[in-house]
Amino acid sequence: MLTNSKTNIQTFKALVVEETSEGKYNAAVKDKLITDLPQGELLIKVLFSGLNYKDALSASGYKGITRRYPHTPGIDAAGVVVDSENSDFSPGDEVVVTGYDLGMNTSGGFAEYIRVPAKWAVQKPVNLSLKECMIVGTSGFTAASAVYEFIKHGIQPQSGKILVTGASGAVGSMAVAMLAGAGYRVIASSGKTGATTFLKELGAEEVIGRDEVDDLSERPLLPPRWIAALDTVGGNTLSTVIRSTAERGIVANCGMLASNKLDVSVFPFILRAIRLVGIASAETAMSRRLEIWNLISGKIKPSTFDKIHRIIPLHEVPGALRLMLNSSVSGKIVVEL
Ligand SMILES: NC(=O)c1ccc[n+]([C@@H]2O[C@H](COP(=O)([O-])OP(=O)(O)OC[C@H]3O[C@@H](n4cnc5c(N)ncnc54)[C@H](OP(=O)(O)O)[C@@H]3O)[C@@H](O)[C@H]2O)c1
């Protein structure tokens, strides 16, 4: 049945990032008109959002993410459908939107309302609350996309250890929690000495420094240390990770916190049959997206959600995004609208 009840909502609160005449970017909570929202089949009352590195870039004027300002960032949102012009969704449905263009050049989740195409939304998985979906958000979905690849590759808890780099960050900490929760033995690499307790609480068996995954010897192969790895860092870290992966292992890369370059010989591929897989979570096809949410709400659902996140109100988002740009954030920051 097609549902399109008319709402009486006129204005709503949203974080608005504006470009100043000096080329700076200021973010503040403002009232926006509901008519300011873009076209879309679903009007959603947002109850929770979550912070991602892309939001920090969008809020600081990085044109590779957001071309035009004023803009409301927030690549994740979870809430309740208010108006629907699509027969798959009805008012009252609890839905989750992560990725696609939300928060990039489409008004995003740091707001009480979003309007999006129906094909961007998934019904909230039964075993997760809306808040838990936003603890997961794009970062957890990205971590889970890597775990999905590991499982498809045949990696089981007894196959060997799994490395996670940038482990105290949003993607990394979620990966540690998901893998450890599913019985995998996790090595967490972190540049923060203070993050060891946090990472062990999430289930990491071993915590190593960033320098241990930054080999400068240029040796084409290093002693094998793990059977699978999720790398968020890129550059020489990714090169080291690949060269240290055991035979027939798998490496997933999703980020470039250190560098977008990769300098590695073909020897890990032709002598150890290592598989390198890229993770691009934003555009994940719907059938695969549902499989990954199914995994998140079942087999790899972390039991440590409470340890991994903290909740902030909308007006604290700008400060938290600045901390994120300085890599000073551990775990996941969830925004309650
Ligand atoms: N491809 C995708 O679909 C996708 C989706 C989401 C995110 N990403 C990317 O994944 C990366 C991580 O995102 P995030 O949300 O987890 O970010 P985050 O919360 O800011 O965490 C990043 C973590 O990486 C480590 N780190 C930062 N700078 C580093 C450097 N120069 N060298 C080595 N480690 C460094 C730090 O952890 P430690 O101190 O513990 O080392 C930091 O906490 C970003 O590049 C992001 O754009 C990609």
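Between the amide H of residue 47 and those of 78, 79, 80, distances stay under 5 Å, these residues lying 5 or more places away or on another chain, with hydrogens modeled in the peptide plane. Each Lys and Arg Cβ is given +1 and each Asp and Glu Cβ -1; about its Cα centre, the chain then shows a dipole of about 440 debye. Using bins of 5 Å that start at zero, the share of Cα-Cα pairs per bin across region 138-281 amounts to 2, 11, 23, 25, 23, 12, 4, 0, in whole %.
Calculated FRET efficiency, residue 123 to residue 197, Cβ-Cβ distance, R0 = 35 Å: about 0.45 to the nearest 0.05. Per-residue extension of 0.36 nm, minus the Cα-Cα distance of residue 327 and residue 315, leaves a gain of 2.3 nm for this segment. From most to least packed by mean Cβ count within 10 Å, the peptides 215-221, 295-301 give 295-301, 215-221. Here, the chain yields an orientationally averaged convex hull projection of 16.9 nm² when only Cα atoms define the hull.
Is there a quick way to get the dipole size of region 210-278? I mean about its Cα centre, with the Cβ of Lys and Arg at +1 and of Asp and Glu at -1; what is the value in debye to the nearest 20?
That gives region 210-278 a dipole magnitude of about 260 debye.
Distant-in-sequence amide contacts of residue 226, defined by a placed amide H-H separation under 5 Å and a gap of 5 or more residues or a different chain, comprise 246. On a full-extension model of 0.36 nm per residue, what is the gain between residue 222 and residue 18, subtracting their alpha-carbon distance, rounded to one decimal in nm? 68.6 nm is the gain from fully extending residue 222 to residue 18. The sum of -39500 (n - 2.57) across all DSSP H runs of n ≥ 4, divided by the residue count of the chain, sets its helix-only mean residue ellipticity at 222 nm to -7500 deg cm²/dmol.
Kindly flag which residue pairs out of 200/261; 54/299; 63/307; 261/299; 200/299 have an alpha-carbon separation exceeding 32 Å in this structure.
Beyond 32 Å between Cα atoms: 63/307; 261/299.
Under a Cβ-only charge scheme (Lys and Arg +1, Asp and Glu -1), can you give me the dipole magnitude of region 138-281 about the Cα centre, in debye to the nearest 20?
In debye, rounded to 20, region 138-281 gives about 260.
Roughly how far apart, in whole Å, are the Cα centres of region 107-172 and region 195-253? Region 107-172 and region 195-253 have Cα centres spaced 21 Å from each other. Within region 1-114, DSSP assigns beta bridges of which about 95% are antiparallel (rounded to the nearest 5). Candidates 190, 221, 168 compared by Cα position along the dipole of the chain: farthest toward the positive end lies 221, with charges placed on Cβ.
A Förster radius of 22 Å combined with the Cβ-Cβ distance from residue 101 to residue 80 puts the calculated FRET efficiency at roughly 0.55.
Look at the dipole of region 1-121 built from charges on Cβ: of 60, 35, 105, the Cα furthest out on the positive end belongs to 60. You can think of it this way: the chain between residue 152 and residue 11 has 46.1 nm of extra reach, that is 0.36 nm per residue less the Cα-Cα gap. Straight Cα distances below 15 angstrom link residue 13 to the aspartates and glutamates 31, 36, 112, 316, 336, with same-chain residues fewer than 8 positions distant left out.
FYI, it's all coordinate maths here, none of it is from the lab. Since the model is a prediction, treat every value here as computed from it, not as a measurement. Using ideal geometry, Cβ is built from the backbone for each residue, glycine included, and neighbour counts are taken over all protein chains shown.
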